[in-house]
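Have a look at the structure below before the remarks.
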Amino acid sequence: MVFYQDGFDCSTKTVDVITGGTEADEGEFPHQALLGWPASAVISRKLDDEFEFLCGGTLISERFVLTAGHCTYDSERGYPVIVRLGEHNLDNDLDHQIDFDIREIVKHPSYRANSAYHDIALVELKRAVRFSRYIRPACLWTSNSLNYTTAIATGYGQLGFSE
């Protein structure tokens, strides 16, 4: 398995980062992924014609998405079947989204349901991702020191309490 492919410049920032519970700009987080289950299995507000998206992940290479271990199986829904990349707004189809079938899901060997420890997994895609302005891997930290004090969480949740 090859988890990282060289040739992508992680030092280049293409979009200014925003925080504070606001809508992201299109292409601002091109590494953001969605895990999808067949729509017929469940009913939810995050439903499109074919899939329901319940969990997110991070594209880390042309074939792998990093996600939480608890996102890889649900007792009522089973396993996710697709990963969607390039999605900006779940309420419309005007985005640059592409769906990828899942080849394999590998959870951390020490992961246990209902535990906060080792809650991590890799999702392998059946085909390679073609990178674009809207779909790119996250830049993984390679230094032993951390010079930043701010973190950003991304996802497709609500922007406020009234939504």
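Odds and ends about this structure:
- Boolean, Ala113 is out of contact with any Asp or Glu (no Cβ under 6 Å at 6 or more places or on another chain) and modelled with pLDDT under 95: yes
- Lone qualifier among Phe53, Phe64, Phe100, Phe29 - being more than 28 Å from Ala116 (Cβ to Cβ), within 15 Å of the chain's Cα centre (by Cα) and modelled with pLDDT of 70 or more: Phe100
- Filtered by the rule that a residue be among the charged types (D, E, K, R) and farther than 18 Å from Thr58 by Cβ, region 101-145 gives Asp101, Arg112, Lys126, Arg127.
- Leading residue by the ranking (nearest to Cys55 (Cα to Cα)) among those in region 111-128 that are touching a Lys or Arg at 6+ places or on another chain (Cβ under 6 Å) and either surrounded by 17 or more Cβ atoms within 10 Å (Cβ to Cβ) or not small (Gly, Ala, Ser) (or both): Ala121
- The residues of region 129-157 that are loosely packed, with under 10 Cβ neighbours inside 10 Å and of a type in the set (A, V, I, L, M), listed by number, are Leu146, Ala151, Ala153.
- Residues of region 78-110 satisfying the condition of being surrounded by 15 or more Cβ atoms within 10 Å (Cβ to Cβ), in contact with a strand residue (DSSP E or B) (Cβ under 7 Å, 6 or more places away or on another chain) and not aliphatic (A, V, I, L, M): Pro80, Arg84, Gly86, Glu87, Gln97, Asp99, Phe100, Lys107
- Filtering region 119-135 to residues that are of a type in the set (Asp, Glu) and within 18 Å of Asp99 (Cβ to Cβ) leaves only Glu124.
The values are calculated or read from the model by the stated rules, or taken from the named source; none is laboratory data. No experiment lies behind these values; they were computed from the predicted model shown. Because the Cβ atoms are built from the backbone with ideal geometry, glycine has one as well, and the counts that use them run over all protein chains shown.
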